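This report refers to the structure that appears directly beneath it.
The values are calculated or read from the model by the stated rules, or taken from the named source; none is laboratory data. Remember, predicted model here, so these are calculated numbers, not experimental data. Here Cβ is always computed from backbone atoms with ideal geometry, including for glycine, and neighbour counts include all displayed protein chains.
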Amino acid sequence: MGTRLIHKGQKGFSLIELVIVIAIVGFITGGLTMTIMQVFNMDAHTRNDMTAVYQVRQAGKLVSQDVLQAQGVSAGGSSGFPLTLTWTDEGGIGDSHTVNYTLSGNRLYRSESINGGNQTVTVVAEFIDPDPTKTSCDWDSDSEVLTFTVTATVGEQSETRIYQIKPRPGT
């Protein structure tokens with residue numbers, strides 16, 4: 001009783017109507033797929049950009065902090081690395097600090113020795129572009145200003161910052 005029989009005179013969907021519906025569904029699915037892929041690609045693009053910005057800021061922050069304390073600054077090589085900073089603590093302690101920044105591969109390293117003791121080596125930043133035109137230190141002894149240019153490249157995203165730091169008086 002619940003089943004209906006199809007009679008010869010009843011009409012159904014034609015083949016052309018089914019093809020049109022399948023084409024419309026295909027266009028909608030293709031559009032959604034493209035949108036989703038674009039969101040994923042944009043997310044990777046943003047992540048790479050944020051990583052490059054973070055690495056450049058981290059390098060600039062640590063180099064700036066050390067240069068501000070420095071009483072002696074020495075930039076070596078064509079790119080200014082290794083950068084050697086020295087100072088003696090004030091206020092009765094009198095510890096003597098020697099800090100060296102070196103660029104090896106795409107990493108910027110900081111090594112510190114207090115009173116000539118063992119060196120503590122840390123990675124300051126990664127993804128640093130070692131090209132001397134993109135990452136370098138330049139010490140101007142006349143104006144006593146260190147110009148630190150640093151570029152980080154992650155994927156296709158690149159970030160460059162230039163820091164100009166003047167040590168405390170008495171260098």
Please determine whether any residue of segment 53-66 is within 22 Å of the chain's Cα centre (by Cα) and hydroxyl-bearing (Ser, Thr, Tyr). yes
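Does Asp89 satisfy being charged (D, E, K, R), in contact with a strand residue (DSSP E or B) (Cβ under 9 Å, 6 or more places away or on another chain) and farther than 20 Å from Ala152 by Cβ? Before you say what the answer is, go through the steps one by one.
Details: charged (D, E, K, R): yes; in contact with a strand residue (DSSP E or B) (Cβ under 9 Å, 6 or more places away or on another chain): yes; farther than 20 Å from Ala152 by Cβ: yes.
Yes, satisfied.
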Pairs returned, first residue in segment 90-109 that is over 28 Å from Glu126 (Cα atoms), second residue that is modelled with pLDDT under 90 and among the aliphatic types (A, V, I, L, M), beta-carbon separation under 7 angstrom, 6 or more apart or interchain, are none
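Out of the residues in segment 152-169 meeting the condition of being among the aliphatic types (A, V, I, L, M) and surrounded by 14 or more Cβ atoms within 10 Å (Cβ to Cβ), tell me which one is farthest from Arg107 (Cα to Cα).
Step one: of segment 152-169, the residues among the aliphatic types (A, V, I, L, M) are 152, 154, 162, 165.
Keeping just the survivors that are surrounded by 14 or more Cβ atoms within 10 Å (Cβ to Cβ) gives 152, 154, 165.
Working: Ala152: 10, Val154: 12, Ile165: 21 Å.
Here the answer is Ile165.
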Identify the residue in segment 45-67 that is of a type in the set (A, V, I, L, M) and surrounded by 14 or more Cβ atoms within 10 Å (Cβ to Cβ) and, among all such residues, is nearest to Lys134 (Cα to Cα). Val56
All positions within segment 65-109 that are modelled with pLDDT of 90 or more and of a type in the set (D, E, K, R): Asp66, Arg107
